[in-house]
1. Once ligands and nucleic acids are excluded and a 1.4 Å probe is used, how much of GLU139 is accessible, expressed in Å² to the nearest 10?
2. Ignoring everything but the protein chains, give the 1.4 Å probe accessible area of MET118 in square angstrom, nearest 10.
3. Averaging the inverse of every distinct alpha carbon separation and then flipping it gives the Kirkwood radius. What is it for region 111-179, in angstrom units?
4. Would you please classify the overall shape of region 166-225 from the alpha carbon gyration tensor, given that a ≥ b ≥ c denote the square roots of the eigenvalues, rounded means a/c under 1.5, and beyond that prolate means a/b larger than b/c while oblate covers the rest?
5. Quick one: how many Å² of LEU170 are accessible to a 1.4 Å probe, rounded to 10?
6. Please list, by residue number, every one of the trypsin sites (Lys or Arg not before Pro) in region 134-163 that is coil in DSSP and has at most 12 other beta-carbon atoms within 10 Å.
7. How large, in percent, is the carbon and sulfur part of the accessible surface of region 80-135 at a probe radius of 1.4 Å?
8. Could you state the accessible area per residue of region 78-160 in Å², with a 1.4 Å probe and every protein chain left in place?
Amino acid sequence: LSRPLHIPPPPSPVPVADAATGPDTPDPPPFLVLVQGPPGSGKSTVIRSLIRHYTRQGVPDPAGPITVVAGKARRLTFLECPQTPTAMVDAAKVADLVLLCVDGGFGFEMETFEFLNMLQVAGFPKVMGVLTHLDGFREPAKLRKAKKVLKARFWAEVYAGAKLFYLSGLRHGRYPDREVLNLARFIGVQRFRPLSWRAGHAYLVADRFEDATPPGAVAADPGVDRTVSIFGYVRGGGALRGPHPRLHLAGVGDFEAGAVAVLPDPCPLPAAAARAVGDERDERGGRG
């Protein structure tokens, strides 16, 4: 007699500890919000609008990562995803939240589907959609139909229930404040689960870099080995190991760091800034 097949119940989800925080790093690094989309889909305008919402300052050309304080215990780094396939692969590995910009008048393009496949390989972080250029629809019926079709396709590609935001026409070079506020509120309450690749790797997204090579050496030999200083937050599984850790620069190769130094936080949280002020007062004898 054949015995009935016993199928064990699925295991309960095991909580994953975030290795980016610990006793040596009381304040977690900023979450990386990656804005991706095909050319002309409004990526730079989305970043400008969000920066204006958080800082009340205008950024005409958001080039490179921009870090802002989004709350008492949250910082966000906004980065526009490059269009080259190799850069998209690297960006998919380090993004905590992805804002997929889609031109509402054109629909989904091949760049969006390719990037979604890259996200699946990297562990698939949080994804939210942003529909832009909706002011091109003159008839409300056509606008409602386009929203319904694009929402169904977005849910089919990501998952049912994924958030999709609608941004209408521009005002003073950015999207309306009410629509940007709605998007910023959802970004502020998102919870990000540590992915397996990041738990085992310490990585750094360079906020800026400086060429420290003597100008005389460069003038004498343009092909001389350069000395470059790279600045950024260390994310992922712990800190960089040793005084001269081995680093892999994406698209360049493997190198050995000459030195690693911990610098003051250029964008501290409000609580950390208050602690720094208190420590400075203690050193000056302002408090007993």
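1. Roll a 1.4 Å probe over it and GLU139 shows about 100 Å².
2. MET118 exposes around 40 Å² with every protein chain in place.
3. 13.6
4. oblate
5. Solvent-accessible area, nearest 10 Å²: 100 Å².
6. Of the trypsin sites (Lys or Arg not before Pro), the ones in loops of region 134-163 whose Cβ has at most 12 other Cβ atoms within 10 Å are ARG138.
7. Percent of accessible area from carbon and sulfur atoms in region 80-135: 59.
8. Result: 52 Å² per residue.
The values are calculated or read from the model by the stated rules, or taken from the named source; none is laboratory data. What you are looking at is a predicted structure, and each value in this text was computed from that prediction instead of being measured. So basically every Cβ, Gly included, is an ideal-geometry build from the backbone, and we count neighbours across all protein chains shown. Ligands, DNA and RNA are stripped out before the accessible areas are found, and what is left, the full protein with its side chains, is counted by its heavy atoms. Shrake-Rupley method; radii C 1.70, N 1.55, O 1.52, S 1.80 Å.
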